[in-house]
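Trainee: Right, I'll just put the structure down here and ask away after.
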Amino acid sequence: MGITVYQRYPYDDVFLLASTDIAANAWRLEAEGNQRRDWLSVETVIMDSHLNWSTPDLTLWDALREAKLSDVHAAFPNASRVAPASAPFAVVWDVSSWCNSQRPGHGADSWFRFIDPAGAIFEFQYRSMSSERHNYFG
């Protein structure tokens, strides 16, 4: 099993990784804590392409990745009654806390690891992703 991950366009001090793969919601991302043996879970949400709508309910992934109007309205009842201009949706990991160069001991060289649904671990550094549009793990 594998996953394709790409960087969402960073803005200000926000750094996001995303995937539109079918099983993206089943993958976990962890970031290196203060010591190499400490790994912290990275916040994961489903988010639209304009960064306006998001939900932490990863069980909605199968419905939202296709962006069917009825499924979007079920997930976001306050949304307008027109199809979202911001589709498609993606599973998004916010790595801002670990990529912010203002944080002592952290920055672009921070270590991360994806964990697939079977428990396999794929470690990488954020900086190593910068030169590629899409990165594949698995």
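Trainee: For the stretch 47-61, take each phi angle, set θ = phi - 60°, evaluate the Karplus expression 6.51 cos²θ - 1.76 cosθ + 1.60, and give the result in whole Hz per residue in order, putting x for glycine and proline.
Mentor: Computed from phi, the couplings for the stretch 47-61 are 9, 7, 6, 9, 6, 9, 10, 8, 9, x, 7, 5, 5, 7, 4 Hz.
Trainee: Please work out the FRET efficiency for the pair ASN78 and ARG37, using the Cβ-Cβ distance as r and a Förster radius of 41 Å; give the result to the nearest 0.05. Numbers along the way, then the final one.
Mentor: Values: r = 43 Å, r/R0 = 1.05.
After rounding to 0.05, the efficiency reads 0.45.
Trainee: Tell me the label-point distance for the pair ASP12, ALA118, using the 7 Å Cα-to-Cβ offset, in nm and rounded to one decimal.
Mentor: Distance between the two pseudo-spin positions: 4.1 nm.
Trainee: For the stretch 1-55, which whole-number percentage of the solvent-accessible area (1.4 Å probe, protein heavy atoms only) is attributable to carbon and sulfur atoms? Could you put the intermediate results ahead of the total?
Mentor: Details: 1390 of 3030 Å².
In the stretch 1-55, the share of accessible area belonging to carbon and sulfur is 46 percent.
Trainee: Going 7 Å from the Cα of GLN125 in the Cα-to-Cβ direction, what parts of the stretch 24-43 have a backbone nitrogen less than 14 Å from that spot?
Mentor: Hits in the stretch 24-43 for GLN125 at 14 Å: 32.
The values are calculated or read from the model by the stated rules, or taken from the named source; none is laboratory data. Keep in mind that this is a model prediction, so the values were computed, not measured. Here Cβ is always computed from backbone atoms with ideal geometry, including for glycine, and neighbour counts include all displayed protein chains. The accessibility values were calculated without ligands, DNA or RNA, using every heavy atom of the protein model including side chains. Shrake-Rupley method; radii C 1.70, N 1.55, O 1.52, S 1.80 Å.
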